[in-house]
1. Any idea which residue in the stretch 10-30 is nearest to Val77 (Cα to Cα), counting only those that are touching a helix residue (DSSP H, G or I) at 6+ places or on another chain (Cβ under 9 Å) and aliphatic (A, V, I, L, M)?
2. Counting residues that are touching a Leu at 6+ places or on another chain (Cβ under 8 Å) and farther than 16 Å from Ile204 by Cβ, which strands (runs of 3 or more DSSP E) fully inside the stretch 1-51 reach at least 3?
3. Going by the conditions given, is Gly73 touching a Ser or Thr at 6+ places or on another chain (Cβ under 9 Å), surrounded by 20 or more Cβ atoms within 10 Å (Cβ to Cβ) and under 17 Å from Ile154 (Cβ atoms)?
4. Can you list the strands (runs of 3 or more DSSP E) lying wholly within the stretch 157-274 that have 1 or more residues being modelled with pLDDT under 85?
5. Which residues, taken from the stretch 86-137, are without any contact (Cβ under 8 Å) to a residue 12 or more places away in the chain and farther than 23 Å from Thr174 by Cβ?
6. Kindly evaluate Ile52 against the criterion of being buried (at least 21 other Cβ atoms within 10 Å of the Cβ) and at pLDDT 90 or above.
7. Specify the residue that is surrounded by the most Cβ atoms within 10 Å (Cβ to Cβ); the eligible residues are those in the stretch 130-165 that are in contact with a Ser or Thr (Cβ under 6 Å, 6 or more places away or on another chain) and basic (Lys, Arg).
Amino acid sequence: MEIFMNSLTKKYGKITALNNINLNIKGQGCVGLLGPNGAGKTTMLKLITNIIKPTHGGVQINGINVSENPEKGLNFVGSLIEQPEFYTYLTGNEILDFTRKIKGIGKEDFKNKIGDIINTTQISTFIDRKTGSYSRGMKQRLALAVAMIGDPEIIILDEPTFGLDPKGMKDIRTLISNLAKTKLILLSTHLIYEAREICDRTIIINNGIIEHDSNMADNKFLLKITLDSPERSIVSGKIKNYAINGNEIIVEKYNDYENYEIIEDLINQGIKVKYVEQFDNLEDVYISIIKKNKVNI
């Protein structure tokens, strides 16, 4: 399971939608592309799925260039790009069978696996209805089912919870989290809390370039430590940097040390620790990128 982008660039006349992207996404899990509208997220997903061609550079899926050999490369991929629409006079079942034929999957193989897909996406209650009567949430679920046909190891989703009510959003996120246990999920979103909730890795895109990649960020080693009372300073050879705000301390630890070792050092200094949690500064990083300000710990 691997998506590799090499100098990936897309221009529309004088407008550069995506600029020299070098990125490797590998292994099971959920990777999020986070960014505002117009940042280049959908352009990247369209290039990966060969809907559009790059101006420069390319995309390889499991070592296969998708522009040069799309049939073979995209055989590993299921996708939902932009908002799904279907032939309104077909039922959900007919859409799934239509997709089966396009992908060249035999009836018996399809019959053996479609039940699991229907159960996973929870579309059984409306699958026999014509899609013209579907709500947005129903269309999203059916589109996910379509993306899963053929059991692809990579699933690409473009803002899969867009326009859904809170329950629908929660259901889709739960589904994606379950799929990410065995597949590589690449999804785009402009919602910070969505990326935080379901993504194992978050890549922030702005103005067509990658501004942040959580795989390379120091925030993996950040802790928020709440004390009973404010402290002016702390001392520990296991702490690389820290910032104090009232009775909260944001600690950047050296990655050789466990959390409990940091806490032991503080307790040994007579500091009363109330509780400890991993510090998630994704929102601060995102806002700083959009505003083009630097974030300091």
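1. Leu23
2. Ranges flagged: 2-12.
3. In short, yes.
4. 209-213, 222-227, 239-245, 248-253
5. Once the filter is applied, which keeps residues that are without any contact (Cβ under 8 Å) to a residue 12 or more places away in the chain and farther than 23 Å from Thr174 by Cβ, the stretch 86-137 yields Glu94, Phe98, Lys101, Ile102, Gly104, Gly106, Lys107, Glu108, Asp109, Lys111, Asn112, Ser133.
6. It is false that Ile52 is buried (at least 21 other Cβ atoms within 10 Å of the Cβ) and at pLDDT 90 or above.
7. Ranking the candidates gives Arg141 first.
The values are calculated or read from the model by the stated rules, or taken from the named source; none is laboratory data. Remember, predicted model here, so these are calculated numbers, not experimental data. Cβ: placed from backbone, ideal geometry, glycine included. Neighbour counts: every protein chain shown.
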